[in-house]
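The values are calculated or read from the model by the stated rules, or taken from the named source; none is laboratory data. Note that the coordinates shown come from a computational prediction; the quantities given were computed from them, not determined experimentally. Note that each Cβ is placed from the backbone with ideal geometry, even for glycine, and that neighbours are counted across all protein chains shown. Side chains included, ligands, DNA and RNA excluded: accessible areas come from the protein's heavy atoms. Shrake-Rupley method; radii C 1.70, N 1.55, O 1.52, S 1.80 Å.
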Amino acid sequence: MSTYPPAHHQEAHFKNIIQTLKTFPLATLITVENESPVITHLPLRYVANMGYGKLIGHIDNNNPQLQQLKLGAKATVLFNGPDTYISPSIYTTTQLPTWNYIKLHLEVEVSKILNAEELKDAMVELTSFLEGDAQRYILEKE
């Protein structure tokens, strides 16, 4: 874990981290190629399992970043929660302006769903998660 921001500004409760993942699922996937960052934005769904759990999403086969996402590859995933400017005018003491925010930086290991049926199920589950209780899409039966 990074030493900055200081530990008292870092979330230590796993349930709060998971809630942020579920509330703000649009992730920034970052890998490095030839010392340059490669970035894709995609929704990821958190699924609890042994250990910390896993993030499941989909990246298009035409996305060049896919070539870096070999089985076991390392990547960084960022999630952005709410953020806002804090004006010094709201304090009764001398205070510098600041910015309050929630950001998650996760180091992940890549695995792929290679089975077509598992991929379909993962896409349906991701869509259902993103649609929430008011889902109106229709899943065609084969």
Considering only DSSP states other than H, G, I, E and B, which GluC sites (Glu not before Pro) in the range 101-140 qualify as loop sites with at most 12 other Cβ atoms within 10 Å? Glu140
Those trypsin sites (Lys or Arg not before Pro) from the range 79-131 that are DSSP loop and have at most 16 other Cβ neighbours within 10 Å turn out to be Lys112
Share of carbon and sulfur in the accessible heavy-atom surface of the range 66-127 [1.4 Å probe, %]: 58
Relative to the compact-globule estimate 2.2 N^0.38 Å (N residues), the Cα gyration radius of the range 94-142 stands at a ratio of 1.99
Find the accessible area per residue for the range 1-104; the probe is 1.4 Å, ligands and nucleic acids are left out, and the unit is Å². 72
State, as an integer percentage, the relative contact order of the range 1-100 based on alpha-carbon contacts under 8 Å between residues 6 or more apart. 22
At a 10 angstrom cut-off on C-beta neighbours, averaged per residue, how do the peptides 19-32, 87-100, 43-56 rank from highest to lowest? 19-32, 43-56, 87-100
List, in order, the whole-Hz ³J(HN,Hα) value for each residue of the range 77-92 obtained from phi through the Karplus relation with A = 6.51, B = -1.76, C = 1.60 and θ = phi - 60°; use x for Gly and Pro. 10, 10, 10, 10, x, x, 8, 6, 6, 10, 7, x, 5, 7, 9, 8
When all Cα-Cα pair distances of the range 1-80 are considered, the percent exceeding 18 Å is 51
Positive-end residue, the range 1-94 charge dipole about Cα centroid, Cβ charges, pick of His58, Val32, Ile86: His58
What full-extension length gain, to one decimal in nm, is calculated for Val110 and Thr127 as 0.36 nm per residue of separation minus the Cα-Cα distance? 4.0 nm
Once every DSSP H run of n ≥ 4 in the chain is given -39500 (n - 2.57) and the sum is divided by its residues, what mean residue ellipticity at 222 nm do you get, rounded to the nearest 500 deg cm²/dmol? -6000 deg cm²/dmol
